[in-house]
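The values are calculated or read from the model by the stated rules, or taken from the named source; none is laboratory data. Predicted model only: the values in this text are computed from it and were never measured. All Cβ positions, glycine included, derive from the backbone under ideal geometry; neighbour counts span all protein chains shown. Just the protein is used for accessible areas: all its heavy atoms, side chains included, with ligands, DNA and RNA removed. Shrake-Rupley method; radii C 1.70, N 1.55, O 1.52, S 1.80 Å.
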Amino acid sequence: MKVLVIGTGAAGLTTASTIRKYNSDIEITVLTQENYIAYSPCAIPYVIGKEIKDFKTIVMHEPADYAKKNVEILINSEVVDIKADEKTVLYKKASENSEEETNEIKEIKYDKLVLATGGTPFIPPIEGVNSKGVFKVRTIQDGMDIQNYINENGVKKVVVAGAGAIGMEMAYCLKEIGIDVSVIEMVPQIFPRALDPDMAKIVQDYLEEENASEDAKLNIILEKPVGKIVADDDGAVCGVMVGEETLEAKMVIMSTGVRSNIALAQKAGCKIGKWAVLTNEIMETSVNDIYAVGDCVEVVDAITGEQTLSPFGTTAVRQAKVVGKNIAELENAPVSKPVLNSNVTKIGKLEIAGTGMSEIGAGMNNIEVITTITKSASRARYYPGGKPIYIKLIVKKDDNRVIGCQAIGEERVTERIDAMSIAISKGVTVEELANMEFSYAPPVSMVVDPLFLAAENTVEKIKKEN
């Protein structure tokens, strides 16, 4: 059997590695348009902010490493067409001596095809968006280009369009290397997809407090779009119009969202849902012997049961293991499960995390909820170094099931969101959460854990409302 995988992100390479782990005979070839493989795009801001030494550090494997496992990686290879009826993929490979593509079209046959084409940045049609100094943040090459442009042009002022996780990470990391940054966001809050407004305000207050004590500033402008990118006579960015104001800037980072890359799936004839490729529980598409995994597919929301997106590396890896084990014909191979979209990021000292449904999301789905925000501490009050931790619980009114949780703090946040992900996936009620057993030691927790306290406060609120 010959398996062909398109894409070398977390989904593609995990698929290949999983197949090889359980079957040594299957022939595996992976194609990618990129020159670099096996790296985490999530690490790009932290390289630019010099928290990680360099871009080489975030490349975990080379094609030669996969060759040792008898997995062929074809880099600089752009797939241009899929002929599903012939089980053939057509691709162009870059010249051996340059990055320029040749006109030669090559073909490769497959028995099973896995589409792991990921997502592509959405760039709105803003005037001046093609000026020199305008960048997206998706690939390691994007990160290198940003870093080189900063160094070569002495960039000291940057505008970031979009206040989602990547936009805020980029903005903060740029500030940390001495650059003044303005973040422009159309909606009234930062982290609009990850946090409710009340929790987002906690993060924004933290950033504004930091501005008072540091030389480089991070300015947040909400409820305004980027109107125009202004270029100088050489075609390079020199400013950004926001409303009636023109902000000085020598670089613009477009962090305005990502859309599923479904072009090849469409060429193959795969059914597409509202946003992305439709698959069954073992990630098979509507076309025989073609699978799809990662950012290019739709998934099922664990709370609503509706189709949604889950553009996270963790989801991609879980899906890839499902595909890999099923292609390898492993006995009792797993199926893909609905998602809670658990997520975490770090901005400065703050860990910002969430899982399940937000209060806003509940309203959009006509789900009545009770919510609480509880401020607690990460360690025993008498133990040095403890930090505030904020927990927001979102509880369904009709049965008191916890359907969402958000947490912010300088430490011990990630493990609590992971615990809540398990609790929500198991249908735990807030009363059950308030009676669960938690561990305790003064250096790492209070004797009354923040999750226990948040649940207890929510139970009290429910009693008062009833």
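Summary table
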quantity	calculated
Residue 315 vs. criteria touching an Asp or Glu at 6+ places or on another chain (Cβ under 7 Å), within 30 Å of residue 176 (Cβ to Cβ) and open to solvent by less than 30 Å² (accessible area, probe 1.4 Å)	no
The range 20-41, subset farther than 20 Å from residue 89 by Cβ and within 26 Å of the chain's Cα centre (by Cα), residue surrounded by the most Cβ atoms within 10 Å (Cβ to Cβ)	39
Residue satisfying all of: in the range 350-389; charged (D, E, K, R) and modelled with pLDDT of 95 or more; farthest from residue 457 (Cα to Cα) among these	351
Criterion: farther than 27 Å from residue 13 by Cβ, in contact with a strand residue (DSSP E or B) (Cβ under 9 Å, 6 or more places away or on another chain) and surrounded by fewer than 22 Cβ atoms within 10 Å (Cβ to Cβ) - qualifying residue of 236, 212	236
Test result for residue 344, open to solvent by less than 20 Å² (accessible area, probe 1.4 Å), under 25 Å from residue 120 (Cα atoms) and not aromatic (Phe, Trp, Tyr)	no
Candidates 231, 216, filtered to the one that is touching a Ser or Thr at 6+ places or on another chain (Cβ under 9 Å) and in contact (Cβ under 8 Å) with a residue 40 or more places away in the chain	231
Some residue of the range 431-444 being within 24 Å of residue 203 (Cα to Cα), over 20 Å from the mean Cα position of the chain (by Cα) and open to solvent by 10 Å² or more (accessible area, probe 1.4 Å)	yes
Filtered residue count, the range 318-343, keeping only those that are among the β-branched types (Val, Ile, Thr) and closer than 19 Å to residue 307 by Cα	3
Hits in the range 170-213 - residues which are farther than 16 Å from residue 256 by Cα and in contact with a Ser or Thr (Cβ under 8 Å, 6 or more places away or on another chain)	195, 196
Subset of the range 183-203 [of a type outside the set (A, V, I, L, M, F, W, C), in contact with a strand residue (DSSP E or B) (Cβ under 8 Å, 6 or more places away or on another chain) and surrounded by fewer than 21 Cβ atoms within 10 Å (Cβ to Cβ)]	188, 189, 192, 198
Residue satisfying condition, being in contact with a Cys (Cβ under 9 Å, 6 or more places away or on another chain) and at pLDDT 95 or above, within set 345, 304, 308	345
Of the criteria (1) touching a residue at least 40 places away in the same chain (Cβ under 8 Å); (2) crowded, with 16+ Cβ neighbours inside 10 Å; (3) not in a strand (DSSP E or B), which one residue 5 fails	(3)
Only listed residue being surrounded by fewer than 15 Cβ atoms within 10 Å (Cβ to Cβ) and closer than 26 Å to residue 121 by Cα, chosen from 274, 267	274
Qualifying residue in the range 157-171 (condition: closer than 27 Å to residue 311 by Cα, over 18 Å from the mean Cα position of the chain (by Cα) and open to solvent by 10 Å² or more (accessible area, probe 1.4 Å))	no
The range 215-233 - residue that is small (Gly, Ala, Ser) and either in contact with a Leu (Cβ under 8 Å, 6 or more places away or on another chain) or surrounded by fewer than 18 Cβ atoms within 10 Å (Cβ to Cβ) (or both) and, of those, farthest from residue 161 (Cα to Cα)	216
Residue ID - surrounded by the most Cβ atoms within 10 Å (Cβ to Cβ), chosen from residues in the range 116-141 that are hydroxyl-bearing (Ser, Thr, Tyr) and closer than 23 Å to residue 279 by Cα	117
Every pair of residues 6+ apart whose Cβ atoms lie under 7 Å, when the first sits in the range 435-452 and is among the polar types (S, T, N, Q) while the second is exposed (fewer than 12 other Cβ atoms within 10 Å of the Cβ) and assigned to a loop (DSSP other than H, G, I, E, B)	445/439
Filter pass, residue 16 being buried (at least 20 other Cβ atoms within 10 Å of the Cβ) and either under 23 Å from residue 333 (Cα atoms) or hydrophobic (A, V, I, L, M, F, W, C) (or both)	yes
Some residue of the range 211-232 being among the polar types (S, T, N, Q) and more than 25 Å from the chain's Cα centre (by Cα)	yes
